[in-house]
Structures are given as C-alpha cells and as structure tokens.
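This report concerns only the one structure given below.
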Amino acid sequence: MASFVTGDIFTRTSPDQTLKAWEPFWDCVGILFHFQNSDIVDGDEELPEWRLHWVSGLALLRTVGHVLAKVDARDSPAHGEAVNGLWSKLKADKQSAAIFWEFIEEERNNLLKTYTFGAKLSSDADGYFIEFADGQDAFQLFREAVYWWRHHLELLEKELRAAQANSKSPKKH
C-alpha cells in the first residue's frame, strides 16, 4: 500500500479548502492527534476511551467520502464531474485504494453494523499498542487514512481550481 504521509498534518494546511468534506476531515485530524498523544493503558489496565475515538474516527473517515458524494458533488457540474471521477478511479482500482476499501469502508461497516472491532489492545517488549486485525499498528493505519484523504481532497481542489480557471478564459470562435 502506497503511503501518502507527507508533511506535518497538524501544522500544514491546504491552501484551498472550498469543499464541505474538509469539515469531517479536520475532525479526523483531531482524533489522530488524540491517538498520538493519549495513553491507552494505566499500568496494565486498558483505558477504554480509545475505543470510542476509534468508532467515531472510522465513522468520520467514511463521512469525508459521503460528504463529497452527497454534498460537494452537487455544488456545480464541475464539482460533480470531479467527485464522480474520483469515485470512478477508486472503484476501478481497488488495490491502489486499499486504504479506503480494506480499512475505512470495511472497518467502518464492521463497527457500525455489527460492533465488531478490527483493532485491539496488544503488547510486546516495547509495551502496549493498538493492533489491527492484519497485525499492523492500528493508529498508524488510521494516520495513513487521514493523510490519504488529505491527498485526495487536495487533488480535487486543484482540479476544481483548474476547471474554474478554464471556465473564465475567453472562448475562441
């Protein structure tokens, strides 16, 4: 799976944020901050708060896509074309979009439809951590998903900016 982690997500903001989908995205960033700066155990006792943030974080990661499709795509024909183009690419190449299909979509569905967690408290010689079902660090996987959405939101903003510039340029006859 390709990594989209670049720059510091907490200090680097995207120059254009016209899409409504940025709102749930920034809530995901807040949850990521919580994951990176909160304890998951007190001694050997699990602190269950991480589970609440996990459920809300996965729901919000999926919400970014729903807001794109149900709100942003309806803003204008250019928005509809850009957002629908993104969804077409994601559906056509599910391997390249594995973070969406195999993590965001699947884990969100497991949580909200069956309340089954793919993440659990684990420990090794270095201490406790939250492990995802496939053995990966669950919080790192969440981090990858947040950066993945930032990448795609920025691409959409760039595409919309270009479409707007093209619509303003004089037409040749």
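Quick check: anything in segment 115-133 farther than 20 Å from SER14 by Cβ, in contact with a Leu (Cβ under 8 Å, 6 or more places away or on another chain) and part of a helix (DSSP H, G or I)?
no
Inside segment 46-89, can you point out the residues that are part of a helix (DSSP H, G or I), under 25 Å from THR116 (Cα atoms) and among the hydrophobic types (A, V, I, L, M, F, W, C)?
To start, the set of residues in segment 46-89 that are part of a helix (DSSP H, G or I) comprises 49-70, 72-74, 77-89.
Within this subset, residues satisfying the condition of being under 25 Å from THR116 (Cα atoms) are 49-67.
Answer for segment 46-89, where residues must be part of a helix (DSSP H, G or I), under 25 Å from THR116 (Cα atoms) and among the hydrophobic types (A, V, I, L, M, F, W, C): TRP50, LEU52, TRP54, VAL55, LEU58, ALA59, LEU60, LEU61, VAL64, VAL67.
Out of segment 136-173, which residues are under 22 Å from ILE31 (Cβ atoms) and free of Cβ contacts under 8 Å to residues at least 24 places away in the same chain?
Within segment 136-173, GLN136, ASP137, GLN140 qualify.
Could you tell me how many of the residues in segment 17-54 are over 16 Å from VAL67 (Cβ atoms) and in contact with an Asp or Glu (Cβ under 8 Å, 6 or more places away or on another chain)?
Count: 3.
Collect the residues in segment 1-28 that are in a helix (DSSP H, G or I) and under 20 Å from GLN136 (Cα atoms), keeping them in residue-number order.
Narrowing segment 1-28 to residues in a helix (DSSP H, G or I): 22-28.
Across segment 1-28, the qualifying residue is only CYS28.
Quick check, is ILE9 touching a residue at least 60 places away in the same chain (Cβ under 8 Å), within 18 Å of HIS151 (Cα to Cα), within 15 Å of the chain's Cα centre (by Cα) and surrounded by 15 or more Cβ atoms within 10 Å (Cβ to Cβ)?
On the way: touching a residue at least 60 places away in the same chain (Cβ under 8 Å): yes; within 18 Å of HIS151 (Cα to Cα): yes; within 15 Å of the chain's Cα centre (by Cα): yes; surrounded by 15 or more Cβ atoms within 10 Å (Cβ to Cβ): yes.
In short, yes.
With LEU19, LEU52 as the choices, which residue is under 28 Å from ASP93 (Cβ atoms) and at pLDDT 95 or above?
On the way: LEU52 fails: under 28 Å from ASP93 (Cβ atoms).
That would be LEU19, the only listed residue that is under 28 Å from ASP93 (Cβ atoms) and at pLDDT 95 or above.
Out of SER169, SER88, report the one residue that is among the hydroxyl-bearing types (Ser, Thr, Tyr) and modelled with pLDDT under 95. Step through it out loud before you land on a result.
On the way: SER88 fails: modelled with pLDDT under 95.
Result of the check over SER169, SER88: SER169.
Can you name the residue in segment 46-95 that is touching a helix residue (DSSP H, G or I) at 6+ places or on another chain (Cβ under 8 Å) and over 20 Å from LEU19 (Cβ atoms) and is also surrounded by the fewest Cβ atoms within 10 Å (Cβ to Cβ) among such residues?
LYS94
The values are calculated or read from the model by the stated rules, or taken from the named source; none is laboratory data. This structure is a prediction, so every number in the text was calculated from the model and none was measured. When we count neighbours, we look across all protein chains shown, and the Cβ atoms used for this are built from the backbone with ideal geometry, even at glycine.
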